[in-house]
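All of the numbers you see were taken from the coordinates with simple rules; none came from a lab. It should be emphasised that the depicted structure is a prediction, and the values quoted were computed from it without experimental measurement. Cβ atoms come from the backbone with ideal geometry, glycine included; neighbour counts cover every protein chain shown.
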Amino acid sequence: MRISGVIETARGLGAHDHMCWVYENPDDFRVRVREFLAEGLAQGQRVCYIAPGDFQAMADDLCGLDGFAGALQRGAAQLIPLGSTYPVGTVIKPDVQVSAYAAATQQALAAGFTGLRVAAEVTSLVRTASQLDAFTRYEQLVDRYMTSRPFSAMCAYDRGQLGEAATAQLACLHPSTNSVTPGFRLHASMSAAASLAGELDLGNVALFGLALQRADLRPTGGELVIDAAEVTFMDHRNLIMLAEYGRRNRVTVVLRICWRGAARLVQLLNLDGVRVEPLA
């Protein structure tokens with residue numbers, strides 16, 4: 001199982017979880033990093049902290065995290081200054097980045113750890129339009145990897161530097177986030193092509209279209225199955241958006257959903273490319 005929802009802390013996440021933490025207060029961000037990494041150490045994972053600044057500044061961020069010094073010495077914890085890996089202006093290559101984390105996860109398992117857990121402050125990697133587009137595509141790709149391998153991550157973004165629109169684009173592609181602004185979440189699923197949750201209305205229809213474009217969802221047998229059990233509302237604009245996505249990709253969208261209004265809207269709109277499978 002994976003945690004899905006709007007969260008208030010970085011506690012309680014497991015081996016396959018992926019959270020987006022949008023912050024304005026750096027002190028609060030550091031508290032959440034310590035929460036997230038402390039539980040990773042307790043679960044026997046190798047933990048890694050990636051952030052701007054030098055080694056000492058990063059170590060100071062984790063001051064007070066019990067056992068961290070010893071974890072560093074025995075290789076259970078790692079500090080990686082962001083600038084040492086990603087020069088200013090870097091536009092990441094999504095598949096290369098996922099491969100790097102897959103290799104690091106395998107190395108952690110080979111060393112006797114139960115998996116890999118990464119907390120990364122990556123605001124500087126999404127400042128430009130091209131950076132943001134590449135990174136959101138990476139977020140979806142790595143989320144898919146996490147569903148089957150013991151790799152969990154906390155992706156942190158400074159709202160004050162990026163603005164609400166950019167952080168919403170990032171937050172909506174995570175199973176869990178502390179940001180309510182997107183209104184919905186589209187992410188990888190363990191049992192379907194994707195999971196969809198939240199409320200989809202006029203306020204986020206453009207964002208939903210952008211998320212679909214970046215998600216690169218993978219159909220099976222001509223069908224694109226979406227687990228929408230946690231959708232509480234979906235207006236006609238977003239259903240039409242979903243139908244158009246299916247038409248462009250020549251697939252039937254199968255929407256597994258509890259919300260009773262979906263089937264009625266699909267019928268009224270005559271959306272032949274969408275099939276609703278009601279859930280109890």
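Quick notes on this structure:
- Top of ASN270, ASN238, ASN249 by mean-square fluctuation, Gaussian network on the chain, Cα under 10 Å: ASN270
- Positive-pole candidate from THR128, LEU41, PRO150, dipole of region 1-179, charges at beta carbon: PRO150
- Dividing the mean sequence gap of close Cα pairs (under 8 Å, 6+ apart) by how many residues the chain holds gives a relative contact order of 18 percent.
- Rounded, prolate or oblate (a/c below 1.5 giving rounded, otherwise prolate when a/b exceeds b/c) for region 183-280 by Cα gyration tensor: rounded
- In region 16-81, the trypsin sites (Lys or Arg not before Pro) that fall in loop regions by DSSP, at most 11 other Cβ within 10 Å: ARG74
- 222 nm mean residue ellipticity, helices alone, for the chain (DSSP H n ≥ 4; -39,500 (n - 2.57); rounded to 500): -12000 deg cm²/dmol
- Built from the Cα atoms of region 52-143, the convex hull projects on average onto 6.4 nm², one quarter of its surface area.
- For region 1-135: relative contact order, % (alpha-carbon pairs under 8 angstrom, 6 or more apart): 28 percent
- Other residues whose C-beta falls under 10 angstrom from the C-beta of LEU116 contribute a net charge of +3, scoring Lys and Arg +1 and Asp and Glu -1.
- Rounded Å value of the spacing that divides the Cα centres of region 65-130 and region 254-273: 41 Å
- Share, in percent, of DSSP beta bridges within the chain that are antiparallel, nearest 5: 10 percent
- Region 25-83 shape via C-alpha gyration tensor axes, a/c threshold 1.5: oblate
- Estimated at 0.36 nm per residue, the fully extended path between ALA111 and ARG275 surpasses their Cα-Cα distance by 54.4 nm.
- Charged side chains reduced to their Cβ positions (Lys and Arg at +1, Asp and Glu at -1) give the chain a dipole of some 800 debye around its Cα centre.
- Restricting region 14-104 to GluC sites (Glu not before Pro) in coil, as DSSP defines it, with at most 10 other Cβ within 10 Å: GLU24
- The GNM of the chain, with springs linking C-alpha atoms under 10 angstrom apart, assigns the highest mean-square fluctuation among PRO150, PRO182, PRO87 to PRO87.
- Taking region 183-280 and dividing mean pair separation by its residue count, relative contact order in percent (alpha carbons under 8 Å, at least six apart): 25 percent
- When you filter the trypsin sites (Lys or Arg not before Pro) in region 229-280 for DSSP loop state and at most 16 other Cβ atoms inside 10 Å of their Cβ, you are left with ARG250, ARG260.
- Kirkwood-Stokes translational diffusion coefficient of region 9-114, alpha-carbon pairs, 37 °C, 0.692 mPa s, µm²/s: 220 µm²/s
- Label zone at GLU199, where the point sits 7 Å out along the Cα-to-Cβ direction: region 163-189 residues whose backbone N lies under 11 Å: 183-184
- Cα centroid separation, region 163-181 to region 1-60 (Å): 16 Å
- In region 183-280, the DSSP beta bridges split such that about 25 percent are antiparallel, to the nearest 5.
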